[in-house]
Structure formats: structure tokens, C-alpha cells
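Remarks on the structure that follows.
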Amino acid sequence: MKNPVLDSSFSGVVFSPDACSSDGVPLQISGGSVSCFPEELSGCFLFPGFCDVHVHLREPGFSYKETIATGTLAAARGGYTAVCTMPNLNPVPDCRESLNVQLDLIRREARIPVLPFGAVTVGEKGEQLADLEAMAPDVAGFSDDGRGIQDSGLMREAMTRIHALGKVLSAHCEDNALLRGGYIHDGAYAHAHGHRGICSESEWGPIARDLQIAADTGSAYHVCHVSAKESVRLIREAKKSGIDVTCETAPHYLLLTDMQLEENGRFKMNPPIRSREDRDALLEGVADGTIDMIATDHAPHSAAEKAAGLEKSLMGVVGLETAFPVLYTHLVRRGILSLEKLTALMSAAPRRRFGIAGGMQSGDYTVFDLNETYSIDPDAFASRGRATPFAGMQVYGRCKMTVSGGKIVWSENLTEK
């Protein structure tokens, strides 16, 4: 096996295309010298660069929460070489002019490739469709993430037009009529502690509706942040019937249950962490291919916005710097998931669905020491967000270096700027 070559000043990488035979197979680095990897990376594992199709970089409009610069640094530190950013911004990218504001920031500030989603509706208000055609050449797809599209007729029109553009509609599935003021899962913890719950039907009801529309229109449909067992069942059945549907879930839904909640805003996100039965159904969905990929839904907020407990804190947690280590520690090391499967869920699958370039052959890779163990410390994050349900968790797997397009974008041996 030929390794990527570092020059003697450790300032650049030359990638050897025959370094591996498959983007889905992590490779162990053996030996170390100035002619290949530095000696300190000997024994580490080389992975294709991860790809996250669901992040919130908060810029333009909310740079006090996160910026393109801090968010993409966090991504690189987590092993990601491409991310797709959601459109709940100011201005909302719902026309070419607004999208250009975001694209200009990305060109100036991004450490790794950032592909934006265009909004499905004007202002993400769910009332009229955005200028989809004008944005299509420069977006990964279309989404009103953060808000469910309530009107089925509007959703049908959106799918039809987005299908004609050859793009994917990524749906935040939430029925507002079923929320009833809830803010955590409507389960045992909520009932025991006097909290208002969010029922699972608020998620799976819109999925059922949308799957029928996707069947009718032939549209490429993607379900964001699946959290409920009924959602997994519906998507599994839809795939068997030939509907063009994919979905994602996030690490916190795969590893936690509502009985592990604490009275702290770092456990509050939308959709909420649900029951053990839901968690087990998600794991089964990952194992049998119903769930196609893992995304983080990285959603940073300020410390003040997350300091008001479960009821009053804003929804959203960060995840770019913790996703791989928590999944590796709790799924791979415990024999629930193979390392190859986890790699595919975090790299090849999202790139394939959304047509995102990259992978080993493009000089996109990341290096992890799978034996290094440490405690997750939010104060050490590159992200401006600090709220994570995994704070203090002991994990295995430290990112040592990330390379995007043949250029080092993160390394413990380089001074951050």
C-alpha cells in the first residue's frame, strides 16, 4: 500500500490514488517517516473524509452562534471534508440574491467544501415556493429544515418542481398541530417530571403523507433526523415498494434514550431523544439499510440560549467534533456496527445521495488514532456551540489530521489560525 506523502515541512499532502482500493475500507497506517506519514501517526487509521448533509453554520445572520470559519474548523477537527448547511439564516436563501450572500461567505471563510441547501419556500414560511430554478445550480438540494411544510398541496408542487431540477428535497417532518407546546419526547421522563411532550406522530404523520406524494411524483425524497420507530417502519416499507426515499439519523438518537435526559438544555433538540424502543428501532434500521446515513444536525446556540433548562432553552446541540468518537466507542467497539459500515454511513452514502464529490481518490481523508481515549470537553471545541449531551463521556478515537482536496485542513501538528 502506498501512503499519502507529506513534504518535509509538513505543509502539504500529495495523495497517491492507489493508497486504497475502496472508499469504504479504513486502512491502518504502518510505519512512519518523512517519506510517508510522520512517525507519530503510525498505528492510526486512514478513513475517507466524512460528509455531513445536515449542519447549521448560522451565517449569515447569526454569527454569534457560529460562523462559516468556526463551523468548518469544527468539521475538519471531526474528520469531515464536506458539509451541507441548512437555510434557516438571515437572509434565507430563497432566491439567487440571498443565496449569493451565503456563497460569498463560504468562498471567503470555509476551511472545507460547504454546499448550501436552498429553501423550499419563501422565508421558510411554508406559503409560497422559493425561486428554486435560480438556485438549483449551486445548492446540494432544497429544505425548509427547522420547519415542516404543513400544506400537502404545496409539498406536492415542491416535489414536482424539485424533481424536474434533478435535486433532492430534504424534509423536516413535523406536524405543528400535534406539537401542543411540547419540547421533549412524550414519554416516561416527561410524564415523571411534569414536562410537556412531543408525540412521535408529529414526525411520522408527515412522513407518511410525503411518501405518498413521492410515490405519485417520482421525486427524490430525503427524511431529516429520523427519531421514531414508526418513521423507520414507514421508510422501510416505502423502500420495498420502490419509492425514491433515503433518510438520516443522528448520533444522539442512536445512543441515548429519554430516560437519560437531565434538566439541562444540552439535552434539548428537535426532534427530541425518544424511548428505548425508538432507539432500538433506529439501530435496527441502520443495520438493515433502512437508514442510509448518519448526520449530526450540528445546531450551535449561545451559552445563554442553552442555559434555561429543558423547557425554555432553544432546540439544538452540536455534534461535528463528537460524532465519530461516540459512534465508534458505543457501536463499533461493542460489536453493534462494523467499522466499515460506520465509515460508509458517514462518507460514501451521503456523497452518493447528494452527488457530493470527494473521497479517498480526490485527496479527501482523515486520520484517527482509535486507541486514544479521552473525555469529551465542550470547552475545547472549535465550534462556538458548547451544548452536547455527550459532555464528559469517555470515548475512543481522536482525529489527528484531516485533508481536503490534498490540503491539510486540520492537524494536531499545525498551529491553528
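The values are calculated or read from the model by the stated rules, or taken from the named source; none is laboratory data. Everything numeric here is computed off the predicted structure, so don't read it as measured data. A quick note on method: Cβ atoms are made from the backbone with ideal geometry, for glycine too, and the neighbour counts reach across all protein chains shown. The protein model used for the area step is the full one, side chains on, heavy atoms only, and it has no ligands, DNA or RNA in it. Shrake-Rupley method; radii C 1.70, N 1.55, O 1.52, S 1.80 Å.
Assorted remarks:
- Exceeding the 27 Å Cα-Cα cut-off - candidates Lys125/Lys312; Lys65/Lys312; Lys167/Lys407; Lys125/Lys240; Lys268/Lys407: Lys167/Lys407; Lys125/Lys240; Lys268/Lys407
- Cut-off under 5 Å, modelled amide H: who pairs with His54 long-range: Cys84, Thr296, Asp297
- At an R0 of 45 angstrom, the distance between the Cβ atoms of Arg276 and Asp216 translates into a FRET efficiency of 0.80.
- Residue-count net charge about Arg161 - beta-carbon cut-off 13 Å; Lys, Arg +1, Asp, Glu -1: -1
- Near Pro87, once Lys and Arg are set to +1 and Asp and Glu to -1 for all other residues with Cβ below 11 Å from its Cβ, the sum equals -3.
- Share of carbon and sulfur in the accessible heavy-atom surface of the chain [1.4 Å probe, %]: 49 percent
- Computed over the chain with a Gaussian network model linking Cα atoms closer than 10 Å, the most mobile of Glu321, Glu262, Glu66 is Glu262.
- Mean ellipticity per residue at 222 nm, deg cm²/dmol - from DSSP H runs of n ≥ 4 across the chain, formula -39500 (n - 2.57): -8000 deg cm²/dmol
- Phi angles of the stretch 209-225 translate, via the Karplus equation with coefficients 6.51, -1.76, 1.60 and θ = phi - 60°, into HN-Hα couplings of 4, 5, 4, 5, 5, 4, 5, 5, 9, x, 6, 7, 10, 10, 9, 6, 5 Hz per residue; Gly and Pro are given as x.
- Compared with the alpha-carbon gap, the fully stretched path from Glu311 to Ser338 is longer by 6.0 nm at 0.36 nm per residue.
- Gap separating the Cα centres of the stretch 366-391 and the stretch 146-212, nearest whole Å: 30 Å
- Top of Asn371, Asn88, Asn270 by mean-square fluctuation, Gaussian network on the chain, Cα under 10 Å: Asn371
- ³J(HN,Hα) computed for each position of the stretch 103-116 - Karplus, 6.51 cos²θ - 1.76 cosθ + 1.60, integer Hz, glycine/proline x: 4, 5, 5, 4, 4, 7, 10, 6, 7, 10, x, 10, 10, x
- Angle between the chain longest axis and helix 229-240 axis [Cα atoms, degrees, rounded to 10]: 80 degrees
- Amide hydrogen neighbours beyond the local backbone of Thr246, cut-off 5 Å, H modeled: Tyr221, His222, Val223
- Report note on the peptides 271-279, 226-234: ranked by the mean count of other C-beta atoms within 10 Å, highest first, their order is 226-234, 271-279.
- Sequentially through the stretch 158-170, phi angles give Karplus couplings (6.51, -1.76, 1.60; θ = phi - 60°) of 5, 4, 4, 6, 5, 4, 5, 8, x, 10, 9, 9, 9 Hz, Gly and Pro residues having no value and appearing as x.
- Two-site label geometry, Arg196 and Glu237: point separation in nm, points 7 Å out along Cα→Cβ: 3.1 nm
- Principal-axis tilt of helix 276-288 within the chain, Cα atoms, nearest 10 degrees: 60 degrees
- Rolling a 1.4 angstrom probe over the protein heavy atoms with all chains in place gives the stretch 141-295 an accessible area of 36 Å² per residue.
- Compactness index (Cα Rg / 2.2 N^0.38 Å), the stretch 102-183: 1.20
- Using a simple spin-label model with pseudo-atoms 7 Å out from Cα toward Cβ, Ser42 and Ser302 lie 5.0 nm apart.
- Long-range amide H partners of Tyr80 with built H, under 5 Å: Phe50
- Which labelled figure in (1) 24.3; (2) 18.5; (3) 20.2 is mean projected area of the Cα convex hull in nm², once derived from the coordinates: (2)
- Efficiency of FRET from Cβ geometry, Gln128 and Thr160, R₀ 22 Å, rounded to 0.05: 0.90
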